[in-house]
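To keep things clear, I will list the structure first and then write my remarks on it.
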Amino acid sequence: MTEHPSTPVRRNDSASRQFLSGFPLQHPAQASGLDSRTISRAKLGDIDAFTAIVEAYHARCIRFARAMLRNPDDAEDMVQETFVRLYRALPRYEERQRFEAWLFQILGNCCRTANTAFQRHSSRTTNDEEAYERVPSIDDPAAQFDHEWSEAVRRALAEVPEYNREIFLLHYIEGFSYEEVERMTGIKQSALKMRVKRASDMLRTRLSEGHR
Amino acid sequence: MSDAERDPVLRRALDELRKLPPADVGAMRRVVSAAAAARVTPFDSDPGMSSPRRGRSVRVWMVVGIAAASAFVGFALRGAWTSRSHAASTAASSGAPSTAPSIVRTAASTELDAAPVQQPFVFNNSRAHKVFVVGDFNRWDPTATPMTRSSDGELWSTVIPVVPGRHMYAFMVDDSLFTLDPNAPKTRDPDLGAEGSIIIVGRP
C-alpha cells in the first residue's frame, strides 16, 4: 500500500497558530507528532496539552465524520462530542493502546449513535431553496469538473452500507492496519478485509456508472 | 500497493476522500472550551480537594441545577414535614435570594451525606517498589495518593477522604502498571475499553 496522508497535517497559517488566546498552542511541528509526554500531560488535565491534541486531529476527525454521518452537517457537533468524551476519559487511557486508534474508536461510536438517531427522525426534508444556495457557482470548467467529481465520490460513498464504510475509511483513509482495526472493532481480520473489498467494489461500480 | 489503489477509479476516489478540510479555528476553540467545561468528577465536589483547573462555568451551572432540584424537593416536602423542614423548604421555595451552601444542604438532605468519609484502600503486592491509588476521586492523578507499605512488605494501604457514591479506581504500581483491585468488582468504560475497579462509598 502506498503511504497514506494520515498523519495529522498542520496548517501553518497564523490564525491556526493563535486560535486560542486563552490556551497557548504548540508549534505545529511539535503538535503534528504528538509525543507520549503530551498525552501524559493531557491525562492529568493539562488543557494546553489537550489543545495540542485537538489541533493535531480535528481536521482528520471532521473528514471521517463527514464521510460517516448520514447528515454531514452534524460532523462538527459529533467531533466536539468525541473530544469532550475523550477528555473526560483521558485519565484512564492506557498508553499501550495507540492513541489515535482510541480516538477514532470513540468517534466511530458517536457517528453510529448519531446515524441511528438521524434515521429515527429522517422525516426531515430539505428546503430546496436552501439546497440551491449551498451549491457554489463555478465558472472555471476544471474547477467545475473537480467539484462534480468530489460530489460524485461523496454520493457513491454515502451509498456504501455504514458497517462497510466505516472499516473502509479506517483502513484506506485514516491508514489503520487491519490488526489495529481488529483491536478497535473486535471484528476478525478476514471479515474486515471482506467488508473493505465490498465497499471498494461498490464505490468503483457507482463511480464507473456515473462517469462513463 | 493494494488492489484498490491499482484501480485508477478507486485510486482517484481515495485521493479525493483523503483531502483534509481546512483548519476550522472557531470549531477547535469550541471543542477545547466544551471539554474544559465538561470535565467534572466527584473529586470536584469535595471543596477540600478541588483543583483550580476546573471550568468555573460548570460550577455555576451545577449550583443552578442543584438549586432548581432543591426548590422542587422543598415544595414536595413542605406539607408532610412542616415542623421539621419548615426553614429549609421555605428558603428553597420562596425564591428569595439565598446563598449556595444553604441550597446545597437542602438538596443533600444533610450536610453529613455529602461530606467525604475516610475510605481505606488495601493492595497486596510484595514486589512493588511504590504504589499509588488512582481514581475519579483524585482525578486519576498517579502522584496524588501514595500508599504505605506494611512492615511485612506484603500489603500497601492508605486511607483517604472520599465523597459517598460510586467511584472507579485502580492502583498505579511502580509509576507504570495500571492494576485493578482483585478484591473489587470491575466495570468497563464504554469510551476507553479499559476496565476499572468499582467501590461504593457510603456512610456506615
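Scoring residue A:50 on the criteria (1) in contact with a Leu (Cβ under 6 Å, 6 or more places away or on another chain); (2) facing chain B (nearest Cβ under 7 Å); (3) at pLDDT 90 or above leaves a single failure, condition (1). Of the residues contained in the range A:74-94, one or more are found to be under 16 Å from the mean Cα position of the chain (by Cα), closer than 26 Å to residue B:168 by Cβ and aromatic (Phe, Trp, Tyr). What pairs come up if the first residue lies in the range A:87-106 and is outside the structural domain of residue A:166 (by TED's automatic domain parsing), the second is among the acidic types (Asp, Glu) and surrounded by fewer than 17 Cβ atoms within 10 Å (Cβ to Cβ), and their beta carbons are under 8 Å apart, counting only those six or more places apart or on different chains? Matching pairs, first to second residue: A:89/B:189; A:92/B:189.
For the range B:93-109, the condition holds for no residue, the condition being that it is modelled with pLDDT of 85 or more and farther than 28 Å from residue A:87 by Cα. Restricting the range A:53-76 to residues that are among the charged types (D, E, K, R) and more than 10 Å from chain B (Cβ to nearest Cβ), which is surrounded by the fewest Cβ atoms within 10 Å (Cβ to Cβ)? Filtering the range A:53-76 for residues that are among the charged types (D, E, K, R) and more than 10 Å from chain B (Cβ to nearest Cβ), the one surrounded by the fewest Cβ atoms within 10 Å (Cβ to Cβ) comes out as A:73. Pairing each residue of the range B:28-39 that is more than 7 Å from chain A (Cβ to nearest Cβ) with any residue that is aliphatic (A, V, I, L, M) and part of a helix (DSSP H, G or I), provided the two are 6+ apart or on different chains, yields C-beta distances under 7 Å for B:37/B:58. Of all residues in the range B:138-145, one or more are in contact (Cβ under 8 Å) with a residue 40 or more places away in the chain and surrounded by 14 or more Cβ atoms within 10 Å (Cβ to Cβ). Only residues that are assigned to a helix (DSSP H, G or I) and either modelled with pLDDT of 75 or more or of a type in the set (Lys, Arg) (or both) were counted in the range A:124-178, giving 33. Looking across the range A:170-212, just one residue is at the interface with chain B (Cβ under 9 Å from one of its Cβ atoms), over 17 Å from residue B:2 (Cα atoms) and free of Cβ contacts under 8 Å to residues at least 12 places away in the same chain, and that is A:208.
Per the listing A:89, A:101, the residue uniquely surrounded by fewer than 22 Cβ atoms within 10 Å (Cβ to Cβ) and facing chain B (nearest Cβ under 7 Å) is A:89.
The values are calculated or read from the model by the stated rules, or taken from the named source; none is laboratory data. Only a predicted model underlies this, so the values are computations on that prediction, with no experimental measurement involved. For neighbour counting, all protein chains shown are included, and Cβ atoms are generated from backbone atoms with ideal geometry for every residue, glycine included.
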